[in-house]
Amino acid sequence: MRHDSHTYKTGKYFSAAGRAISWVGLAIGLMAVLNGASVGWVMVPVAIAVQLTYHMVEFDLQRQTYREGVQLLGMKFGKRLPLPGFDFLFLKNNNYSQLAESRATMTQFRSEMFDGYIKLADGTKLHLLQTKSKAPALQQLAAIAQELNTELRDLTEMKQ
């Protein structure tokens, strides 16, 4: 029997700073292993796990369930909920701002990102992807729409 399940990685679980620290921990752990210290055998797998942990959304079409959760080294964690059906996928542009402060100055960085969502029949919206440009986002969403046999709407041109 074929199991019809679709999993989409929606982003990294750990922040960029956390992943950078894990690279440093990996290097230290490898040096510790080479020097015979047993702490390295703990640091290396933890650093690798940090790099391979993602937020994900999974749709199980055979069981008619979905879940939002975390994928750690291929294992998926998250509560399964009944899938009411798909309404449509949509792409929306959002403006984000980030504030950087130091003792002397404060700077605000603004950026436009394209976010892809899926709206379920019960009104639930699930975030699927985020990119800096529109074309790759539309291409990825079109592939998902084809896999899930649902409609794709481009809401980027609408007035907000």
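The values are calculated or read from the model by the stated rules, or taken from the named source; none is laboratory data. Everything numeric here is computed off the predicted structure, so don't read it as measured data. Just the protein is used for accessible areas: all its heavy atoms, side chains included, with ligands, DNA and RNA removed. Shrake-Rupley method; radii C 1.70, N 1.55, O 1.52, S 1.80 Å.
A cut-off of 5 Å between modelled amide H atoms, ignoring neighbours fewer than 5 places along the same chain, links Gln130 with Gly116. Going by alpha carbons, how many degrees (0 to 90, nearest 10) lie between the helix axis of 16-34 and the longest principal axis of the chain? So the helix axis and the longest Cα principal axis differ by about 40 degrees. If you model region 3-157 as an ellipsoid using its alpha carbon gyration tensor, with each semi-axis the square root of five times an eigenvalue, the axes come out at 34, 25, 12 Å, biggest first.
Rolling a 1.4 Å probe over the protein chains gives Lys79 an accessible area of about 150 Å².
Of all the options Ala121, Ala135, Ala37, the one that moves most in a Gaussian network model of the chain with Cα springs shorter than 10 angstrom is Ala37. In deg cm²/dmol and to the nearest 500, what is the mean residue ellipticity at 222 nm of the chain if only DSSP H runs of at least 4 residues count, each as -39500 (n - 2.57), divided by the residue total? Calculated mean residue ellipticity at 222 nm is -9500 deg cm²/dmol. For the chain, the relative contact order comes to 18 percent (Cα pairs under 8 Å, sequence separation of at least 6). Solvent-accessible area per residue in the chain equals 65 Å², computed with a 1.4 angstrom probe and all protein chains kept.
With 0.36 nm allotted per residue and the present C-alpha distance subtracted, the Leu52-Thr65 stretch has 2.2 nm of extension available. By accessible area, using a 1.4 Å probe on protein heavy atoms only, the chain has 57% of its surface on carbon and sulfur.
Phi angles across region 124-133 convert, under the Karplus curve 6.51 cos²θ - 1.76 cosθ + 1.60 with θ = phi - 60°, into 3J(HN,Hα) values of 5, 10, 10, 7, 10, 7, 8, 9, 8, 10 Hz, Gly and Pro given as x. Backbone amide hydrogens, once placed in the peptide plane, bring Asp87 within less than 5 Å of Lys119, Leu120, Ala121, excluding anything fewer than 5 places away on its chain.
One chain, two ends: Lys132 and Ala20. Fully extended at 0.36 nm per residue, the span grows by 38.2 nm beyond their Cα-Cα distance.
Note on Ile118: accessible area is roughly 0 Å² with a 1.4 Å probe, heavy atoms of protein only.
Proximity of backbone amide H atoms, modeled 1.01 Å from N, is registered between Thr10 and His55, Met56, Val57 at under 5 Å, excluding neighbours fewer than 5 places apart on the same chain. Note that region 40-51 has calculated 3J(HN,Hα) couplings of x, 5, 8, 5, 5, x, 5, 4, 5, 4, 4, 6 Hz, one per residue in order, obtained from phi through the Karplus relation 6.51 cos²θ - 1.76 cosθ + 1.60 (θ = phi - 60°); glycine and proline are x.
For helix 134-148, what angle does its Cα long axis make with the longest principal axis of the chain, in degrees from 0 to 90 and rounded to 10? For helix 134-148, the angle is close to 70 degrees. Full extension of the chain between Glu112 and Leu34 yields a length gain of 23.5 nm, computed as 0.36 nm times the residue separation minus the alpha carbon distance.
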